[in-house]
Each structure stands twice: as C-alpha cells, then as structure tokens.
Amino acid sequence: MCALQYLVDSPQRGVLLLNLDYKVISANHRAAELFGIDLNELIGSTLPDWIKTQPKNFTDVVEEVLHPRSQPEVVLHRYSGPIFGSHGKLAGRVEIYSDITARRRLETEILERNRELAELNKRLQETQEELLRSERLRTLGEMAAGIAHDINNALGIVLGNVQLAKRRVPADPEYARCIESIEMAARDAADTVRKLKEIGRPVDRTRYRPVDLGKLANSVISAMTPEWEKQNKHIELIAQLEAGCVVEGDEAELREALTNIILNAVQAIDQRGTIRIAVHRDGNRAVLSVSDSGIGMNEETKKRVFDPFFTTRGSSGTGLGMSMVAAIVMRHNGEIKVESEEGKGTLIALRLPLIG
C-alpha cells in the first residue's frame, strides 16, 4: 500500500480509489481539481458521466485520453485498474489521471512544424526543378539561335534544288516519290529548327492581348476532334469551361500549347478512353487542365517530360512538343504541373495570372 499511498499524495496526478461498487472511497486534491468539485463531494460519489469508458469486467485495465467537463481545454491520460489485497482478493480499483495537455500541445506543434517543413521542402524541390528547366531552355535557346541561321541556309538550298528537280525530273513515279520525300524531310527539319528557336526566344509582350481561356479551349477542341476520329479512336471528351477566365497573352502560343497537350493525351489512349478539359479560377490564377485515361507515366518519364528532345514515341516524335509548352507557360509568367501514374492516366495543368 506504500506505493498506492504515494500516488494518492501525488500533487501532479489525480488519484481515486474505488470500492467494488465503483464508489470513490479515497481521492486526492488534484483529482478534485480535475473533476471540478470539492474533495468531500468527490468521496462517496461515482465516476462522472464524462468518463465514457467503463471496464466490462472489474479486473479489466482501461487506458484512454479524455477531457474533464470542468476544463475542456485540458487533456488527461486515464489509467484504471484493479487492486488486490494481500491474499490476492479483489479489493477495488485505482483511477490515475495525468495532465498531458502540454505534451499534446507540443506534439501538435511538432506535427505542424513537420508538415510545414515537408511543404517547404516540396516547394523548394519544385523551384529547383523549375530553375533547372528554365536554365536548360535558356541554354538550348542560345544554342539554337547560334546554329539556326546556318541550318536554315542549308535547308533553303535543299528546298531550292528540290523545286528545280521537280521541274526537270523525268515523268517517272519513282523519281517523283523520292523528290517528294526529300522535300517533306527538309520541311520537317525546318519546322523543327523553328520550334527549337522559339523555345529560348525572349518574351515579346507587345503581341499580348486579353485571351479568354474558355473560348480558346472551345476553338481548339473543335479543331482537334477529327484528330482521334481519323485514328479510329473512341474518345469521350468532357469540357468544363468556366466563363470569364481571361489572361494576358499570345493567343496563338496558348493555342499551340493546348494543342500539344491534347495531342499527347490522344496518343496516350490506346483505342478507347476519356479526355477531360477544364478551365476554372483559383484565386488570382486561371487554371487550364487536360486529363486523360491513358497509359500514364512512370516517375522517370514524369521528371523528363519537359526536357527538349525527350520522347517516348521513338522516331515518330521530336521531343519538342512539351518543351514548347513549358517555354510558352514560362513566357506567360505561369506554372505547369504534371500528375501521372502508370496505367491511370495523366493530368497536366497550366496556371496563368488572371487579368484584374
């Protein structure tokens, strides 16, 4: 009983001794404070109704966290267990209440700080990735500006000679096909050089005008619908376009960015699937998003999706489409976000500053 008496005398913990009828036969002053009643009133009473958990059997041990009705801001840890006499006979129960308010507050603060740190680390990583992407685009733009002139001169000579050959070639279908192939390859190369130059070109806001993203999305959808029809794909397109989402920008560039994203979504779908295009406000930003039910991307592909010349389509892709999208978004002071999981589709969202 010495240990029990020590607990009863404890100024930090509230202690109750109960008889076999769950009546309080002894209590300390701290218990009376926590229960919000006079010590004399506490002795002889039963446990208050805010103590919800009662043992199913008298010999059961109960531990729980609760709040006293008199001090709802206080957090208590409750221990309740049986007491046995010197001959092993059940004598009653002991209830011990420890104030863990400060500990719980500290735990909550630690969890909140950990959450804030995780959020800051995430933002830092995203910023680092954005800076790295911008540096890659800038370097690529400088390189492209230096070599594009010479490449275009060479392509101009090729195309000039192709035109001359088309006038002089014998009426042989095989020769004609070869010349057409040369011309097509040269024009594709010229188009690739043009895209490469645009990736790193400086911002020219003199062409910027108010652009309604909902109307722009509608026009792109109308133009793109035949794209999957000619590929014999059964795609359900869902458009959720909030009105009045107006940004300052180059309409042609924004249309090109959305077209590239939708093309990627179409290519990610095998034969049947869904593409959802949405425009909505989020604070002072307009969000233009495209999600698909296609094959999705693994983590490595997701990290490199905006890298110039990176493609998962082999020789059929240049790897410049999404690089162009990233460059356009950057020139419009926007942000681009990618969410994807293999087998579960992809979401690409552009966040652009709203006018006003």
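Name the single residue that is surrounded by the fewest Cβ atoms within 10 Å (Cβ to Cβ) among those in segment 68-91 being touching a residue at least 12 places away in the same chain (Cβ under 8 Å) and part of a loop (DSSP other than H, G, I, E, B).
Top of the filtered list is Glu73.
When you check Ile277 against the structure, is it within 19 Å of Ile328 (Cα to Cα) and part of a helix (DSSP H, G or I), yes or no? It would help to see each step written out before you state the result.
Details: within 19 Å of Ile328 (Cα to Cα): yes; part of a helix (DSSP H, G or I): no.
No, not satisfied.
Has segment 6-13 got at least one residue that is surrounded by fewer than 15 Cβ atoms within 10 Å (Cβ to Cβ), closer than 25 Å to Arg103 by Cα, touching a residue at least 24 places away in the same chain (Cβ under 8 Å) and among the hydroxyl-bearing types (Ser, Thr, Tyr)?
No: zero hits.
Determine, yes or no, whether Asp60 is out of contact with any Cys (no Cβ under 7 Å at 6 or more places or on another chain), assigned to a loop (DSSP other than H, G, I, E, B), at pLDDT 85 or above and surrounded by fewer than 17 Cβ atoms within 10 Å (Cβ to Cβ). Even if it seems obvious, please write down each step before you answer.
On the way: out of contact with any Cys (no Cβ under 7 Å at 6 or more places or on another chain): yes; assigned to a loop (DSSP other than H, G, I, E, B): yes; at pLDDT 85 or above: yes; surrounded by fewer than 17 Cβ atoms within 10 Å (Cβ to Cβ): yes.
Considered against the rule, which asks whether it is out of contact with any Cys (no Cβ under 7 Å at 6 or more places or on another chain), assigned to a loop (DSSP other than H, G, I, E, B), at pLDDT 85 or above and surrounded by fewer than 17 Cβ atoms within 10 Å (Cβ to Cβ), Asp60 comes out as yes.
Tell me which residues, restricted to segment 283-307, are out of contact with any strand residue (DSSP E or B) (no Cβ under 7 Å at 6 or more places or on another chain) and under 15 Å from Glu242 (Cβ atoms). Can you show your working first?
As a first pass, look at segment 283-307 and keep what is out of contact with any strand residue (DSSP E or B) (no Cβ under 7 Å at 6 or more places or on another chain): 283, 295, 298-301, 303-304, 306-307.
Gly283 - this is the single residue of segment 283-307 that is out of contact with any strand residue (DSSP E or B) (no Cβ under 7 Å at 6 or more places or on another chain) and under 15 Å from Glu242 (Cβ atoms).
The values are calculated or read from the model by the stated rules, or taken from the named source; none is laboratory data. Bear in mind the structure is a predicted one, so any value in this text is a computation, not a measurement. Cβ atoms come from the backbone with ideal geometry, glycine included; neighbour counts cover every protein chain shown.
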